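Working notes, beginning with the structure itself.
The values are calculated or read from the model by the stated rules, or taken from the named source; none is laboratory data. On a predicted model such as this, the values are computed, not experimentally measured, just so you know. In this analysis, Cβ positions are derived from the backbone assuming ideal geometry, glycine residues included, and neighbour counts consider all displayed protein chains.
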């Protein structure tokens, strides 16, 4: 174990746990597994999900938002249910609840919901399960789901600025130039989806964010070995090192004052080495 690893393990146990969590999230992103949020199976967040969520103005896309800020939001139950429906494996764009009439209710009773679509089945089976959970717990799970998806995402730019193309188009272009993924994300035919699956060339919008940002990060380091990469856990390390530096400065000031008050009279005080320039660095 190196000196910095031993220092962080002893002084900052939270940092070591955060690093282990980041490594776990990055490793599992390569396995193609589904996730569970509020007891419901969901897919890893991708650019297609993000665009649908942006169209319905989902508040969960806001970076850095907290559960306390969203707790008093009007229509919170609708936002949570709609978000979980969009990221569910059974999501189909444009599918709505059909008009519920008396004949339809009787038909559902007789056929056992045989003719309902996936959206109606989600609202009948999953939505009551969502409403039974505490609001604060559901919000924290959803916020953690989005935070994990954007673990390796680049820092957002300050201010809205001008936009000349959608973020999904820029992401598609980056994946196309870097990994030769075809630019055909507008084709939604089932036969085209079969071709994508059998050829191993998915739509760029359906690649999980956890994997996309890792690929772009690794490609950047491959092209520039000296490229500066960041982790969310770096903030914990920087805060801890800053606290250590402040503690050491106070200790040196205390020793100087103690020596100045102890060695008085004809004998001059001994020279105290200046350690102000020696500080811990990440």
Checking 37, 19 in turn, the sole residue that is out of contact with any strand residue (DSSP E or B) (no Cβ under 9 Å at 6 or more places or on another chain), at negative phi, modelled with pLDDT of 90 or more and crowded, with 17+ Cβ neighbours inside 10 Å turns out to be 37
Output the number of the condition that residue 204 fails; it satisfies all remaining conditions of (1) farther than 30 Å from residue 27 by Cβ; (2) touching a helix residue (DSSP H, G or I) at 6+ places or on another chain (Cβ under 9 Å); (3) at pLDDT 70 or above.
-> (1)
Looking at the range 207-243, which of the residues that are outside any helix (DSSP H, G or I) and surrounded by 13 or more Cβ atoms within 10 Å (Cβ to Cβ) is farthest from the chain's Cα centre (by Cα)?
-> 207
Check residue 187 against each of (1) assigned to a loop (DSSP other than H, G, I, E, B); (2) within 27 Å of residue 21 (Cβ to Cβ); (3) modelled with pLDDT under 85 and name the one condition it does not meet.
-> (2)
Restricting attention to the range 47-59, which residues are in contact (Cβ under 8 Å) with a residue 40 or more places away in the chain and surrounded by fewer than 18 Cβ atoms within 10 Å (Cβ to Cβ)?
-> 51, 52
When the range 81-137 is examined, which residues are found to be modelled with pLDDT under 70 and part of a helix (DSSP H, G or I)?
-> 102, 103, 104, 105, 106, 107, 108, 109, 110, 111
Scanning the range 40-61 for residues that are out of contact with any helix residue (DSSP H, G or I) (no Cβ under 7 Å at 6 or more places or on another chain) and not in a loop (DSSP other than H, G, I, E, B), the one modelled with the highest pLDDT turns out to be 41
